[in-house]
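Written out below as structure tokens is the structure these notes cover.
Every read-out reported here was derived from the displayed coordinates using simple, explicitly stated rules and does not represent laboratory data. Remember, it's a predicted structure, so these values are computed and weren't measured experimentally. Note that we place each Cβ from the backbone using ideal geometry, even for glycine, and neighbour counts take in every protein chain shown.
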Amino acid sequence: MAGTKRPYLLTDSVALSANGSGELTFRVGANEHFEGHKIAFVKTSTFSITTIKNDSGLPFTNADTDDPITSTLLPTTITDQNNPIEFDAVLVIEKNDALTIQVLDTSGSSNTLRAVIYGTIESLTT
């Protein structure tokens, strides 16, 4: 039903080679509107976030390869008291857009990273 919000989990995962880079991409369809409230990460080893942006290039952090967000700053196991991380403002992903998180393995071993954004999705058509 158009205009009805429902709970929704946007998920993605990436398998990183030792010291390799990759992306977590959270895409919303052409007829949907997503509002995220929390994000959670689970990893097999250490990593860094080097950028977070949407398809039009709008940044969601000032992190970069010289000053990344390290996984030691994030709750990354399901047992962490603060996992998931709550956003101070709603994270909006508009129709036909995506949020991309660039990540880099820092462990020197292969690493699988999974993430989920907790929120609501609204269908814009009937």
Scan region 51-126 for trypsin sites (Lys or Arg not before Pro) in coil per DSSP, keeping those whose Cβ has at most 15 other Cβ atoms within 10 Å, and list them by number.
Lys95
Please tell me which of these pairs span more than 20 angstrom C-alpha to C-alpha: Lys5/Lys53; Lys5/Lys95; Lys53/Lys95?
Lys5/Lys53
Between Arg27 and Asp64, how many nm apart are label points set 7 Å from Cα along the C-beta direction?
2.9 nm
Using a Förster radius of 22 Å, what is the FRET efficiency between Ala18 and Asp55 based on their Cβ-Cβ separation? Nearest 0.05, please.
0.15
Label-point separation in nm, Thr72 to Thr46, each point 7 Å along Cα→Cβ
0.5 nm
